[in-house]
Amino acid sequence: MPETASLEAIGAGRVCPLDYTPDWAQAWHYPGAELEVVYIVGGLYGNEFALRAIETMFESEPAGHRLMVFNGDYHWFDVADDAFAGIERAVGAHRPMRGNVETELAAMRGDEIGCGCAYPEQVAQHTVAWSNEIMSRLTATARAVLKPAQLDALGRLPATAIVALGNCRVGITHGDDRSLAGWALSEDRLEHSLIDGLTERMRLLDIDVLASSHTCLPVAQCSTDGHGDRRIVINNGSAGMANFAADARGLLTRIARCEHRAPVVPLYESHLGDGLVVQAIPVAFDAAGWQERFAWQWPPGSAAHASYFERICHGPGYRLEQAVRDGFRRLN
């Protein structure tokens, strides 16, 4: 965003606040001496049905050697008090991180910032307005369900994490390496970002894999930095919502030792050194049940129904082959 532009000129929902700049020196670290499987679950969006499916898969992984990280926006459509409380409780049993949704719920800055999505200019204004309205309703729910201390804890969740599996270091954030709500890892910008210094920034951060989700469409690509070292970027899109045309399933990122087979066939994957693999795992849940639950919370005429229901039912106009790029291979 231009530094000289006022918040009013940019508009709520397109604003990228200064406190969205991540401090990787303060990242949450998981040393991973015994770690063998990591799930990175971005964009759950309050989908209880997807959460149950993810937990079932996770429980099949090797006990004592697994970690599940929710890298932001696990709240969104869960405006019913019981739904919000259930998501908060279940996610809190693992390793939650802040997305723009959780950050704004805790900050309660209201109309000035809106949803905190930092939507780029090509996103239609009515979509931005719908997101701001969703955030307004969700904020009311958070105020009703969470105590002040819980809201404070929500705002203090980490925005960045570094997880070690063997010799591999995985950097996890919600948006991109430079902003909590950044779009540099979106499917339409990733190629340019890799050319424009992303791999070098990963080298300086000493991370082999960078995992995110904020832009809501998945993409994965390998590249080589200026020192000849391989770097992987994977954006899981949404764990709780359809990612591809005519496919209602969510998607999560799984990084694991190769000897541990995934609970379901990955859509695509890339092998790392040290016997590790990075995978995009489909999340198959009760789509009909979720659509009914969603419509109960967001009936026709509501902002979320207008903005998301078509995608929830039929998927976006995005194809699997658009997400799978250099260094990744399709399996499904």
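Summary table below
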read-out: Whole-Hz ³J(HN,Hα) from phi, Karplus 6.51 cos²θ - 1.76 cosθ + 1.60, for the stretch 223-239, glycine and proline x; value: 8, 10, 7, x, 9, x, 8, 7, 10, 10, 10, 9, 10, 7, x, 9, 7
read-out: Other-chain or far-sequence residues with amide H under 5 Å of Leu165's (modelled H); value: Val170
read-out: For peptides 71-81, 186-196, sequence by mean Cβ density within 10 Å, most packed first; value: 71-81, 186-196
read-out: Within the stretch 279-332: Cβ-based charge dipole about Cα centre, in debye rounded to nearest 20 (Lys, Arg +1; Asp, Glu -1); value: 200
read-out: Residues with amide H under 5 Å from that of Met68, placed H, sequence gap 5 or more; value: Tyr39, Arg95
read-out: Full-extension gain in nm, Glu259 to Glu55, via 0.36 nm per residue minus C-alpha separation; value: 71.4 nm
read-out: 3J(HN,Hα) from dihedral phi, the stretch 311-320, Karplus parametrisation 6.51/-1.76/1.60, rounded to Hz, x for glycine, proline; value: 5, 4, 7, 10, x, x, x, 9, 10, 4
read-out: Residue-averaged [θ]222 nm for the chain, counting only DSSP H segments that reach four residues, each worth -39500 (n - 2.57); value: -9000 deg cm²/dmol
read-out: [x] 28; [y] 43; [z] 33, with the label sought being that of the calculated percent of Cα pairs over 30 Å apart; value: [x]
read-out: Test item: Cα-centred dipole of the chain, Lys/Arg +1 and Asp/Glu -1 on Cβ, debye; value: 420
read-out: Furthest towards positive pole of dipole, Leu138, Asn47, Ala184, structure part the chain, Cβ charges; value: Asn47
read-out: Largest to smallest accessible area among Asp177, Asp152 [probe 1.4 Å]; value: Asp152, Asp177
read-out: Dipole axis of the chain (+1 Lys, Arg; -1 Asp, Glu on Cβ), positive-most option in Ala161, Gly275, Ala106; value: Gly275
read-out: Backbone HN-Hα couplings from phi across the stretch 39-54 [Karplus 6.51/-1.76/1.60, Hz, Gly and Pro as x]; value: 9, 10, 10, x, x, 5, 6, x, 8, 5, 5, 5, 4, 4, 5, 5
read-out: Contour minus Cα-Cα distance for Leu320 and Arg230 (0.36 nm per residue); value: 30.1 nm
read-out: Candidate residues His126, His305: accessible-area rank, largest first, probe 1.4 Å; value: His126, His305
read-out: Segment Ala246-Ala144, extension gain: residue separation times 0.36 nm, minus the distance between their alpha carbons; value: 33.1 nm
read-out: Positive-end residue, the chain charge dipole about Cα centroid, Cβ charges, pick of Ala93, His29, Gln122; value: Ala93
read-out: FRET efficiency, Ala295 to Ala93 (Cβ-Cβ, R0 35 Å, nearest 0.05); value: 0.80
read-out: Gln125/Asn167 FRET efficiency (R0 35 Å; Cβ-Cβ; nearest 0.05); value: 0.15
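The values are calculated or read from the model by the stated rules, or taken from the named source; none is laboratory data. Source: prediction; values computed, not measured. Quick reminder, even Gly has a Cβ in these numbers, built from the backbone with ideal geometry, and neighbours come from all protein chains shown. For accessibility, only protein heavy atoms count, side chains too; no ligands or nucleic acids. Shrake-Rupley method; radii C 1.70, N 1.55, O 1.52, S 1.80 Å.
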